[in-house]
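Chemist: First, the structure itself, so that you have it in front of you.
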Amino acid sequence: MSDRLAKGFPADRAALVAFVTAGDGDTASVLDALVEGGADVIELGMPFTDPMADGPAIQAANLRSLAAGTRTRDVLAIAAGFRARHPQVPLVLMGYANTMTRPTPEAFARAAAEAGVDGAIIVDIPPEEADELIPFGSHGIAVIRLATPTTDAARLPAVLEGASGFLYYVSVAGITGLQQAAQGSIEDAVARLKTATDLPVAVGFGIRTPEQAAAVARVADGVVVGSAIVDLVGKHGGDAAAPVRAYIASLKSAIAAARKEVV
């Protein structure tokens, strides 16, 4: 398995994990802007007609991408192009089962590996079924699990079984982009999760400002930002690269300073 993901979570600060929807606007230039701004790990969303975990911003991005004709082969081509331009930056696909089981699960996993994908987040497949349905692990792709505020001690071992890369903590029991959990609840959840796994714990959902990113960076191994980036792409279209780069740089600066406060 590639060690890019492990290197994407440095020991001296939290990683900045940035999400963008494939096929929404000029994705290649936006991906490059994420890297140039300082993102450590990239999540590439696969557009889907029914993104049940996503809020209005990412729903709209999915619809724009699908309206532009984006298909799975296009997403994988975007991933392969990114890998050619950025050979050391970890790339994670995030999507739903319908998009990751066509034409067959084996064929998709093989194609994703050939495109240089390092990890996959499957939003709507229970962990007990994920490895059986899509053989990512056998192709060297990390299977990144999701934990939520309702993942209790009885459920957590099943979530962590076979998990690799990092653990994504969804900090609110809701959809992306609309609200952020209270800092105290994030701190408590991260502390609990880190007693159960050696994987890096990245926190997402509702993080938009540098101040919010810094607060999460003080306790977590990674800070995930998605809807705010997607909003910039929706607002600026083909000219989104520059504002995305500046926004990511502001987050990265805040995250780096936050970790220095506690080292």
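The values are calculated or read from the model by the stated rules, or taken from the named source; none is laboratory data. Quick caveat, the model's predicted, so the values are computed rather than measured. So basically every Cβ, Gly included, is an ideal-geometry build from the backbone, and we count neighbours across all protein chains shown. The area values use the complete protein model at the heavy-atom level, side chains included, leaving out ligands, DNA and RNA. Shrake-Rupley method; radii C 1.70, N 1.55, O 1.52, S 1.80 Å.
Chemist: Quick one: P(r) of the stretch 17-153 from all Cα-Cα pairs, 10 Å bins, percents rounded to integers, in order of increasing distance.
Modeler: Values per bin, smallest distances first: 12, 45, 35, 7, 0.
Chemist: In the chain, carbon and sulfur make up what percent of the accessible area (probe 1.4 Å)?
Modeler: On the chain, the fraction of accessible area on carbon and sulfur atoms equals 54 percent.
Chemist: Once every DSSP H run of n ≥ 4 in the chain is given -39500 (n - 2.57) and the sum is divided by its residues, what mean residue ellipticity at 222 nm do you get, rounded to the nearest 500 deg cm²/dmol?
Modeler: Here the helix-only value at 222 nm equals -13000 deg cm²/dmol.
Chemist: Any idea what the dipole of the chain comes to, in debye rounded to 20, about its Cα centre with Lys/Arg Cβ at +1 and Asp/Glu Cβ at -1?
Modeler: 520
Chemist: How much area per residue is accessible in the chain when the probe is 1.4 Å and only protein heavy atoms are counted (Å²)?
Modeler: I get 40 Å² per residue for the chain.
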